[in-house]
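The values are calculated or read from the model by the stated rules, or taken from the named source; none is laboratory data. No experiment lies behind these values; they were computed from the predicted model shown. Here Cβ is always computed from backbone atoms with ideal geometry, including for glycine, and neighbour counts include all displayed protein chains. Surface areas here come from the heavy atoms of the whole protein model, side chains and all, with no ligands, DNA or RNA. Shrake-Rupley method; radii C 1.70, N 1.55, O 1.52, S 1.80 Å.
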Amino acid sequence: MGIYKEELHALQVQLTTLQRHLIEHRHQLLVLFEGRDCSGKDGVIKRITQHLSPRETRVVALGKPSCREQDEWYFQRYVGHLPAAGECVLFNRSWYNRAGVESVMGFCSPAEYEAFMASVIPFERLLAQSGLQIIKYYLDISRDEQERRLADRRTDPLKQWKTSPVDAVALKHWDAYSRARDTMLDRTSHDEAPWIVVQADDKKTARLNVIRDLLSRIACPDVDAHAHTPDEDIVFEYRLDWRDRLAD
């Protein structure tokens, strides 16, 4: 077993210990993953959930909203997927679609975008006050790495399910996505749910450090949070004066 697999196995054991605590004490854990196309969200989520209880763990990856959902309150389609007591729910993209893909691709109006930006922090604070612990990760990659991964998707027959029309224009809209990312991080990071940025060009390093960070943020007497401190060059809470640490 290589070093990466050894470290991953040890961290996954700690995750199962943490989950037993969450179930026993009926805690509600909500983890959001955002990032550019090909930033590695699927891989991180897979390693987190790989050995967790399927009864108390759910991964949510919603598709294009239906006509009915488009006419609903924006957050309504997400509320039904929130964790109940003892559950851990991981969103592979979330309501922050509106701050990223939808705004860049013109899938929402400027008024809808601003309404979202004005309401998302009160919404998350309401969830936190009701007992949910919200952890938000943004996986950041360089343009060269995204280009390499997109090319790999196009040529690997086992990754065909990952391709989408949005992928095809990801590089074309790189600068627009950068601006959308910066605005989202600036305006929607707050005390109850700060944004945690992950430098994800190296997939394996990113996976290990996200799990370490997750373990360090959830109070559990059976898990030594200090033993799982992530590399601060890889995972860090977003601050406006650290914007230069993001991919250009």
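Counting only helices (runs of 4 or more DSSP H) that sit completely within segment 142-248, those holding 3 or more residues that are more than 30 Å from Thr17 (Cα to Cα) correspond to 143-155, 165-168, 174-188. Among the residues of segment 60-99, the one identified as farther than 23 Å from Lys46 by Cα and under 14 Å from the mean Cα position of the chain (by Cα) is Ala99. Looking only at residues of segment 20-30 that are under 19 Å from the mean Cα position of the chain (by Cα) and surrounded by fewer than 23 Cβ atoms within 10 Å (Cβ to Cβ), we find that the one that is farthest from Gln199 (Cα to Cα) is Gln28.
Within segment 186-217, being open to solvent by 10 Å² or more (accessible area, probe 1.4 Å) and hydrophobic (A, V, I, L, M, F, W, C) holds for one residue alone: Leu208. In the set Arg181, Arg245, which member is open to solvent by less than 50 Å² (accessible area, probe 1.4 Å) and in contact with a strand residue (DSSP E or B) (Cβ under 8 Å, 6 or more places away or on another chain)? So the residue among Arg181, Arg245 that is open to solvent by less than 50 Å² (accessible area, probe 1.4 Å) and in contact with a strand residue (DSSP E or B) (Cβ under 8 Å, 6 or more places away or on another chain) is Arg181.
Of these, Ala99, Ala128, which one is under 26 Å from Arg239 (Cα atoms) and outside any helix (DSSP H, G or I)?
Ala99
Within segment 166-184, residues that are at pLDDT below 95 reach partners that are open to solvent by 10 Å² or more (accessible area, probe 1.4 Å) and part of a loop (DSSP other than H, G, I, E, B) with beta carbons closer than 7 Å, at six or more positions or on different chains, in the pairs Val166/Asp37; Asp167/Asp37; Ala170/Arg36; Ala170/Asp37. Put simply, of Ser130, Ser103, Ser66 the only residue that is surrounded by 15 or more Cβ atoms within 10 Å (Cβ to Cβ) and among the polar types (S, T, N, Q) is Ser103.
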